[in-house]
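J.: Let me give you the structure first, and then I'll get to my questions.
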C-alpha cells in the first residue's frame, strides 16, 4: 500500500528577489498584451465604422428613405455619410433635397453651398441652390446662380427655367418668356409649358397661354389645375363655353 501524499515530507523552495521580479514582469507583460489587444480591437472597430463602404451604405439607405419620403431618417443617414466622409459631395446634394422637401430653405442653401465648395463648376448645384433662393424670395441671388449655371452648361434647361422664374418675379415678363422658350426648346416639360403659359397670362396674351396650357395637357391630361388655369385664360379671351368645359373636366378629375 502506497503511502498517502500527505505523508510525504514538505519541501520548501526558496523564493528569491529575482523570482519576484520575474513574476512581476510576467504579469505586466500579460496586462500590457491584453491592453494592446483591446486598443487594437477598438482601432479596428473605428476603422470599420469610418470605412468608405459604411459611408456608402449610409448614403444608399438615405436614398431609399428619401424615395419613400421618410425625410427625417433620410437626413440622418446623409448626415452620417458626411460625418464619415466629409468630402462626399453627393451626400450634401441629397441632404439638400431633403431640406427642400421639408421647406427648410436655409439648410438647403448651406448644403448646396458646401457642394459648390467641393465642386465649384457644378451647374446643377447652382440651379438647386437657385431654386432654394427663390423660396426665400432672394431673386437676385437666384438670378446669379442661374447665370452661373448657364455659363457652365448652356444646354441645361432647368437653368433657364430658374432664370425665367426669377425674372418674372422681378417683373421682367418679356425676358422671362425668352428664357421659358429656351427651356422648352431644351426640355419640353409640363412645368415649362405651364410656367410660360402663366407668364403669357400676365402679359394678357391669352391665346398663347391657352396654347401652352393645351401643350401641357397633351403631356399629362390628368392635371386638374391646368384645366382650371386654361379655363381662366379662356374666360379672359371671351370663350365662356370653353372655360365652362375646362372647369367641368378639372372637377371630374379632382373628384368634385
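J.: Right, residue 55: modelled with pLDDT under 95 and surrounded by fewer than 10 Cβ atoms within 10 Å (Cβ to Cβ) or not?
T.: On the way: modelled with pLDDT under 95: yes; surrounded by fewer than 10 Cβ atoms within 10 Å (Cβ to Cβ): no.
No; evaluated as a whole, the condition is false for this residue.
Here's the yes/no breakdown for (1) surrounded by 15 or more Cβ atoms within 10 Å (Cβ to Cβ); (2) at pLDDT below 95; (3) more than 17 Å from the chain's Cα centre (by Cα); (4) assigned to a helix (DSSP H, G or I):
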| site | (1), (2), (3), (4) |
| --- | --- |
| 29 | no, yes, yes, yes |
| 40 | no, yes, yes, yes |
| 47 | no, yes, yes, yes |
| 64 | no, no, no, yes |
| 75 | yes, no, no, yes |
| 93 | yes, no, no, yes |
| 103 | no, no, no, no |
| 107 | yes, no, no, yes |
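J.: On the basis of being part of a helix (DSSP H, G or I), out of contact with any helix residue (DSSP H, G or I) (no Cβ under 7 Å at 6 or more places or on another chain), modelled with pLDDT of 50 or more and surrounded by 12 or more Cβ atoms within 10 Å (Cβ to Cβ), does residue 25 make the cut?
T.: no
J.: Mind listing whichever residues of region 77-86 are part of a loop (DSSP other than H, G, I, E, B) and under 25 Å from residue 133 (Cβ atoms)?
T.: Within region 77-86, just 86 meets the criteria.
The values are calculated or read from the model by the stated rules, or taken from the named source; none is laboratory data. Just so it is clear, the model here is predicted, and its values are computed rather than measured. With ideal geometry, Cβ positions are generated from the backbone for all residues, glycine too; neighbour counts draw on all protein chains shown.
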